[in-house]
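Structure first, commentary second.
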Amino acid sequence: MHAFAYCRPAALADALRELAADAEARPLAGGQTLLPVMRARLAAPSRLVDLARVRELTGIAAAPGGLRLGAMETHAAIAEHPAVKRLAPALARLAGGIGDPQVRNRGTIGGSLANNDPAACYPAALLALGAAIETDRRTLAAEDFFTGLFATALAPGELVVAVQVPAAPAAAYVKFPQPASRFALVGAFVLRTEAGYRVAITGGGMGVFRWTEAEAALDSGATGADLAGVPLDPELFTGDLHASARYRRALARVAVARALADPAFAA
Amino acid sequence: MNAPPAPPLRKFGTAVPRLEDRRFLMGAGNYVDDQLFPGQTWAAFVRSPHGHAAIRSIDTRAARAAPGVIAVLTGADFASLPPMPCGWMIHSRDGEPMRVGERRVVATQRVRYVGEPVAVVIAESRDAARDAADLVEVDWDELPAVADVAAAAADGAPELHANAPGNLAFDWELGDSAAVEAAMARSAHCVTLTLRNNRLVPNAIEPRAINARWDPVEEKLDIRMTHQNPIGMRMFYAAVYGLAAEHRLRIVSPDVGGGFGSKAHNYPEEVAVAFAAKLVGRPVKWTAERTEAFLTDAHGRDHLSTATLALDPDGRFLALRVDTLAAMGAYLSSTGSLIPTYMYATMLSGQYAIPAIHCRTRAIYTNTAPVDAYRGAGRPEAAYLVERMVGLAARRLAIDEAEIRRRNLIRHFPYRTPVEWVYDSGNYEAGLDQALALADWAGFPARKAEAAARGRLRGIGMSAYVEACGIGPSAILARLGAGAGMWDSAEVRVHPAGTVEVLSGAHSHGQGHATAIAQLVADRFGIPMEQVSVIQGDTDRIQAGTGTYGSRASVGMSATARACDRIIEKAKRIAGHLLAVPAETVDFADGLFASAATNATLSFGELAFAAHAASGFPTDEIEPGLVAQSFFDPPNFTFPSGVHVAEIEIDPETGQTEVVGFAAADDFGVLANPMIVEGQVMGGVAQGLGQALLETCVYDPETAQLMTASFMDYAMPRADSFPELRLGFGCTPSPSNPLGMKGCGEAGAIGAPAAVINAVCHALDIDHIDMPATAERVWEILEARRREQG
Ligand SMILES: Cc1cc2nc3c(=O)[nH]c(=O)nc-3n(C[C@H](O)[C@H](O)[C@H](O)COP(=O)(O)OP(=O)(O)OC[C@H]3O[C@@H](n4cnc5c(N)ncnc54)[C@H](O)[C@@H]3O)c2cc1C
């Protein structure tokens, strides 16, 4: 690890000031992604602005129409919180299936979103749910927030503050893990509302996306078993050491079908 | 005399909790990286980023000018050191000695694998050393690289060493090729398979580490180093590198956090650090980072083999022919040449009476980390090959897997195989029956039907192995090419108060020697285990030994037992004087010296005191004190055996394979501590399942870059990767080990892979699938079938 300065402000304004003062400074959340990258000497921020004590970034609470999750809430906290379990049970289960207990107790939703790993779990949920991401200066719809591989709409020095998630009683997430990291080799988040179905796929390799053809098919009465024939753009999948694009694409169909078989959709 | 104490309970053979675990679990382990010497400095290596490249020049100026830097050393600074030796001489079929590609401690002209050291920075802190290492500028001339063993053996492949045309280190054979030919000609069936034994990274939890200094008080080169064989390393460092004479060289291996063989070797980094410590006159420390461990620890396996098994009409084995390409990596590691030869081809008879066997092994240089012993070392490769061949034969001839094995089992011992070894003892059919019972083999069809109702494909597979442990005797091994004796040694010291110290030549890297040896000694002397302490891993305290690898702790345990017996012999003579009876009439049992001639007894403690008081017996006849050392050179290997059964379920939509049942019936002879043995089996099975389903070390075939250089990409088995294991033990004591022990450390990794792959093949109804049987590989097979069926 290269040497770096460190500070741990208690207020959002202080954190933003620290970040603004130094273009090479980086916010530190759970450190589950940032610290290994620094240890591998692939990143060398001049300063870490630890968000652990920033009051404005914490809190899980019911909000009009759903939930508000502070950026610094850990996966474990989200998985176990009664309000999340009640209002968005699929999101709680998703959080409880990220990494291992150590990762879940350190890693945060804000860090995960800012990182936008193409194999991360939350992006699929937020895109399907139509969540909104609050930053220190604006609120972005999920589809505007995730812009590509490890890329987001965040400006330099801009912080995720919270995530607004609509209540989602009929939703499910199915992930097939990459065997080494256990990130999503492919994951599918499916939501059903009165407006219809929303299906988001993560792990394809090109970043999270909505499978709109499946949404349309489901809206017109198709079932999981019918998805085999629904078009799914092969360009959305890439191959790597762990799986070919072909296999990932096939898994995506299975993941969606299995999500639809979740008891959440029974009612 | 006092009233005799109650006889202590027997400890040897019982599941005594491990004495070391309290310390380990409470964070009181003591590892090399935990220790600092006064004036400590740190080393960081500059490594090749290329799989194959020539070094045009190295510019160290910026690094030398960096803050905290004490020295920047390149290959030229190490030029006085001889190349890294390979300790086992193999001769090719034509009688030529193996072609050893020169491996410098630090490369001077050319690098042949990603991670090969080209410079070392010594600095005042670890970070300063790392920062400065980044400033060393190497002007590279990239060369074509080859990472795959078959590609490296093919015509026109890039060549690694000028003295090894075709990348061939040796072309070796064992067995009678003509006899195999003749048997095949008259056989009813021949089955042939080409299979790959995937390359594995050992992944000890504690990475390699060394801290070396010149000790001006003792006038010694004083080295702390995590290693399975510190005494062997002292000999290497003295005799090969002349770092210091043996009596001026101390190596301490404190607690060792796993090794699986990877810490039994001699590595360039450690030599470089020890040498650098002398050069800079300060203590120098290096602890490998995890990435360095992936890149530079000697890897395991990496074979590509074609085999043919010939059978008679009844499924009896007539002959086995094997042709193996064994990847050696860029250089021959310490025992790299031994693994695909005498640790492999000699095991190709498995548990079966096969009249004729022939194996050809071509050892091939590749632009990868060197390959050497890793848990099982040659024996897993052999067992996997034999048991896949048997599984395939059973399928082709439509004979039950258990039945075809039963028809071919060796039933009489000692048994001389056609490939060099003489099996000591065994009862293979009992092991087979025990495994069938543990696995409920007979109940499988019902479980398969139940799984089918859930839409899952269920399969069951078996693997029967024999392995060879406690490698020896030295004379035979020298004939086969060994460069060192293969005995082990122990010294037992009895203190005046009757407590005992054992100086063990065997050195635990997780196995629990401190417990098992104390159990043995406590029973021999009839004293509580608490009165025995076991000292390991310090060459200043332990004069001789060969360390722990190849499941050979039973050799050191035998030396310990013999040393105890020598002490008891002497103690009886002393007791004869003290009890005023002829020494021949003194019995020793349960801690008491007694003679049928009188009622008087002496406890072990009383005798120990008297031996040092030296007044009740003639010291001109019997020297005072109770100390004995023994060197035990085993008369033969020991041959543990076992039958493992795996039951798996496949999700046909995703190809994911789940191990739903695993049974292992092993015969390790006498067990010193069944709990420790169970742990060894479980750990070995975990690694075996890992190899079968998850683990694989991948190099880019063109660039020879390591693609799986972290745990994010190299899939390790985890607790949820396998079910509760059902374990059973048979016991045919080994006649070549005085304690009847055979060894248990590698069995799981040897038996499990073929059992799992046989089960996967069974579920899929296919001839073969290569390891690891990943979800995608399985899915591809099912997908192709779905396409065929429209
Ligand atoms: C072994 C392992 C397994 C994992 N498995 C999974 C998995 O299955 N599914 C999954 O989704 N993820 C997985 N992860 C990733 C995990 O969820 C991480 O927690 C996450 O990627 C990063 O969150 P963090 O809080 O640790 O962020 P950090 O590592 O601290 O930061 C990540 C990045 O985000 C920036 N950042 C952090 N907080 C903010 C903020 N509030 N505003 C703006 N920028 C910010 C940082 O500067 C940095 O660039 C795994 C990680 C590991 C190590």
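Under 30 Å between alpha carbons, and skipping anything fewer than 8 positions from B:K278 in its own chain: which lysines qualify?
B:K220, B:K263
Can you tell me the dipole magnitude for chain B around its Cα centre, using point charges on the Cβ only (Lys, Arg +1; Asp, Glu -1), in Debye to the nearest 20? Present the calculation step by step, with values, prior to reporting the outcome.
Details: 69 positive and 93 negative charges, 122 e Å.
Roughly 580 debye, rounded to the nearest 20.
I want the local charge near A:A155. Using Cβ-Cβ distances under 12 Å, sum +1 for each Lys or Arg and -1 for each Asp or Glu among the other residues.
The answer is 0.
Using the charge dipole of the protein assembly as shown (Lys, Arg: +1 at Cβ; Asp, Glu: -1 at Cβ; taken about the Cα centre), state which of B:A478, B:W779, B:G115 has its Cα farthest towards the positive end.
Selected residue: B:W779.
Enumerate the aspartates and glutamates that A:K85 could reach by cross-link, defined here as Cα to Cα under 20 Å, with residues fewer than 8 away along the same chain left out.
A:E73, A:D100, A:D262
What does the average come to when, for each residue of peptide A:178-184, you count the partner chain Cβ atoms lying within 10 Å of its Cβ? Each step should come with its number before you reach the end.
Working: counts 3, 14, 10, 6, 3, 1, 0.
Mean shielding count: 5.
How big is the equivalent ellipsoid of chain B along its three axes, where each semi-axis is √(5λ) from the Cα gyration tensor, reported in whole Å from largest to smallest? Each step should come with its number before you reach the end.
On the way: eigenvalues 368, 288, 109 Å².
Ellipsoid semi-axes (Å, largest first): 43, 38, 23.
Using a 10 Å cut-off on Cβ to Cβ distances, tally the other chain neighbours for every residue of A:251-258 and report the average as a whole number.
Numbers: counts 7, 0, 1, 4, 2, 0, 1, 2.
Averaged over the peptide's residues, the number is 2.
Hey, can you grab everything whose amide H is under 5 Å from the amide H of B:K220? Only 5+ residues off in sequence or another chain; H modelled, so Pro and N-termini drop out.
Correct list: B:D215.
Can you report the principal axis dimensions of the range B:636-790 using only the alpha carbons, biggest first, rounded to whole angstrom?
In descending order, the Cα extents are 62, 38, 28 Å.
Which residue, chosen from A:A40, A:L19, A:A5, occupies the Cα position most advanced towards the positive end of the dipole of the range A:5-50, where the dipole is computed from +1 (Lys, Arg) and -1 (Asp, Glu) charges on Cβ about the Cα centre?
A:A40
Lys/Arg Cβ at +1, Asp/Glu Cβ at -1, dipole of the protein assembly as shown taken about the Cα centre: which of B:A298, B:G728, B:T308 is farthest positive-ward?
B:G728
Rounding to the nearest 20 debye, state how big the charge dipole of chain A is about its Cα centre with +1 on each Lys and Arg Cβ and -1 on each Asp and Glu Cβ.
On the way: 26 positive and 24 negative charges, 136 e Å.
The calculated dipole for chain A is roughly 660 debye.
Quick one: in the range B:164-239, what % of C-alpha pairs are over 16 Å apart? Please list the in-between numbers first.
On the way: 2207 of 2850 pairs.
Result for the distance tail: 77 percent.
With just the Cα atoms defining each centre, how far is the range A:201-251 from the range B:207-268? Give it in Å.
56
Would you please calculate the Kirkwood hydrodynamic radius of the range B:180-291 over all C-alpha pairs and express it in Å, rounded to one decimal?
Numbers: mean 1/r = 0.0609 Å⁻¹.
About 16.4 Å, per the Kirkwood formula over Cα pairs.
Let me check the size of the protein assembly as shown from its C-alpha atoms; what are the radius of gyration and Dmax in Å?
Here Rg and the maximum Cα pair distance are 31.7, 105 Å.
If packing is taken as the mean number of other Cβ atoms within 10 Å per residue, what is the order of B:398-409, B:417-428, B:91-102, highest first?
On the way: B:398-409: 17.9, B:417-428: 20.9, B:91-102: 14.8.
Ranking the peptides B:398-409, B:417-428, B:91-102 by packing returns B:417-428, B:398-409, B:91-102.
Relative to the compact-globule scaling 2.2 N^0.38 Å, provide the ratio for the alpha-carbon radius of gyration of the range A:171-265. Don't skip to the answer; put the middle values down first.
Details: Rg = 12.6 Å, N = 95, 2.2 N^0.38 = 12.4 Å.
Relative to the rule-of-thumb radius for its length, the range A:171-265 sits at 1.01.
Taking the Cβ of each residue in B:S554, B:S474 as the centre, tally the other Cβ atoms inside 10 Å and list the residues starting with the fewest. Show your work: numbers first, answer last.
On the way: B:S554 32, B:S474 17.
Neighbour counts put them in this order, fewest first: B:S474, B:S554.
If the cut-off is a Cα-Cα distance under 19 Å, which lysines reach B:K742, setting aside same-chain residues fewer than 8 apart in sequence?
Reachable lysines: B:K11.
From the gyration tensor of the Cα coordinates in the range A:5-50, what semi-axes in whole Å does the equivalent ellipsoid have, largest first, with each one equal to sqrt(5λ)? Mind showing how you got there, number by number?
Working: eigenvalues 74, 27, 9 Å².
Equivalent ellipsoid of the range A:5-50: 19, 12, 7 Å, largest first.
With +1 assigned to the C-beta of every Lys and Arg and -1 to the C-beta of every Asp and Glu, and no other charges, what is the dipole magnitude of the range B:619-728 about the Cα centre in debye, to the nearest 20?
Details: 2 positive and 18 negative charges, 18 e Å.
The calculation lands at about 80 debye.
Going by average Cβ neighbours within 10 Å, how do the peptides A:67-79, B:74-86, B:618-630 rank, with the highest at the top?
Numbers: A:67-79: 23.5, B:74-86: 17.4, B:618-630: 14.8.
So the order, starting with the most tightly packed, is A:67-79, B:74-86, B:618-630.
To the nearest whole number, what is the average tally of beta carbon atoms from other chains within 10 Å of the beta carbons of peptide B:707-716? Kindly include the intermediate steps, with their values, before the conclusion.
Working: counts 2, 3, 1, 4, 2, 6, 7, 4, 7, 2.
Taking all residues of B:707-716 together, the mean is 4.
How would you rank A:89-100, B:289-300, B:156-167, highest first, on the average number of other Cβ atoms within 10 Å across their residues?
On the way: A:89-100: 20.5, B:289-300: 22.2, B:156-167: 16.2.
The packing order, highest mean first, is B:289-300, A:89-100, B:156-167.
From the phi angles alone, apply the Karplus equation (6.51, -1.76, 1.60; θ = phi - 60°) to the range B:650-655 and give each ³J(HN,Hα) in whole Hz, x where the residue is Gly or Pro.
10, 8, x, 6, 10, x
Put one equal scatterer on each alpha carbon of the range A:55-166, apply the Debye formula with no solvent term, and list log10 I(q)/I(0) at q = 0.09, 0.13, 0.24 1/Å to two decimals.
-0.19, -0.41, -1.54
Only helical DSSP H runs with n ≥ 4 go in: add -39500 (n - 2.57) per run for the protein assembly as shown, normalise by residue count and round the 222 nm mean residue ellipticity to 500 deg cm²/dmol. Walk me through the intermediate numbers first.
Numbers: 30 runs with 297 residues, N = 1057.
After summing the helix terms and dividing by the residues of the protein assembly as shown, the value is -8000 deg cm²/dmol.
All of the numbers you see were taken from the coordinates with simple rules; none came from a lab. Quantities reported herein were computed from a predicted structural model and do not represent experimental measurements. Note: ideal-geometry Cβ built from the backbone for every residue, glycine included; neighbour counts use all protein chains shown.
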